[in-house]
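Structure, as structure tokens:
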Amino acid sequence: MSLNSIFQYFVPKDKKIFFPLFEQASNNVVVMATIMVEVVNSNNPATRDELFKQIDKLENKGDEITHQVYLELGKNFITPFDREDIHSLASAIDDVADYIQGAANRMSLYRIDDFNEHIRKLAELVLQCSLDLE
């Protein structure tokens, strides 16, 4: 067995696995933030409840993407950049999704119906930051 064939074992088969996963995770956060803006601009409680459910589903999807990043880290010996940085980036994107879901859950739990200008502005800022993340 040659030395070259040993190194080939450690080289990842798909060198571009992490970047599409990061794109999926950031796109998921953008969709969540967009729905949050819809929530604070909606006057219909039934519509808001449906939007809250969508945010929960998207947060679960984000958790699955983050889990996939962690699995790929475990499978690949050589990564495009530092393993700790990949882990930190995936965790940070997932944290943003968790915070959006947490805000949505609190709005739903406390039955907030009066969304003033400040809440709308905060939702817009979260959306803008999510777009910058993308």
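The values are calculated or read from the model by the stated rules, or taken from the named source; none is laboratory data. Fair warning: this is a prediction, and the values are worked out from it, not measured in the lab. Glycine also receives a Cβ, built like all others from the backbone with ideal geometry; neighbour counts cover every protein chain displayed. Surface areas here come from the heavy atoms of the whole protein model, side chains and all, with no ligands, DNA or RNA. Shrake-Rupley method; radii C 1.70, N 1.55, O 1.52, S 1.80 Å.
Round to the nearest 10 and give me the degree value, 0 to 90, for the angle of helix 83-109's Cα axis relative to the longest principal axis of the chain.
20
Subtracting the Cα-Cα distance from 0.36 nm times the residue separation, let me have the gained length for Asp63 to Asn105 in nm, one decimal.
This chain segment gains 13.5 nm when fully extended.
Can you figure out the FRET efficiency of Leu71 with Thr34, using R₀ = 41 Å and their beta-carbon distance, to the nearest 0.05?
With a Förster radius of 41 Å, E is 0.90.
Specify the angular offset, from 0 to 90 degrees and rounded to the nearest 10, of the alpha carbon long axis of helix 18-40 from the longest principal axis of the alpha carbons in the chain.
The answer is roughly 0 degrees.
Determine Rg/Rh for the chain; Rg is computed over alpha-carbon atoms and Rh is the Kirkwood hydrodynamic estimate from the same atoms.
Rg/Rh for the chain comes to 1.15.
For a Förster distance of 22 Å, can you work out the FRET efficiency between the beta-carbons of Thr47 and Glu134, rounded to the nearest 0.05?
0.30
Going toward the positive end of the dipole of the chain, with +1 on Lys and Arg Cβ and -1 on Asp and Glu Cβ, which of Ile17, Leu127, Ala33 do you reach last?
Ile17
Relative to the compact-globule scaling 2.2 N^0.38 Å, provide the ratio for the alpha-carbon radius of gyration of segment 43-98.
Normalised Rg, Cα atoms only: 1.52.
Provide the per residue accessible area, probe 1.4 Å, for the chain, rounded to a whole number of square angstrom.
Accessible surface, normalised per residue, equals 65 Å².
Based on Cβ point charges of +1 for Lys and Arg and -1 for Asp and Glu, what charge dipole magnitude is obtained for segment 17-121 about its Cα centre, in debye rounded to the nearest 20?
My answer is approximately 200 debye.
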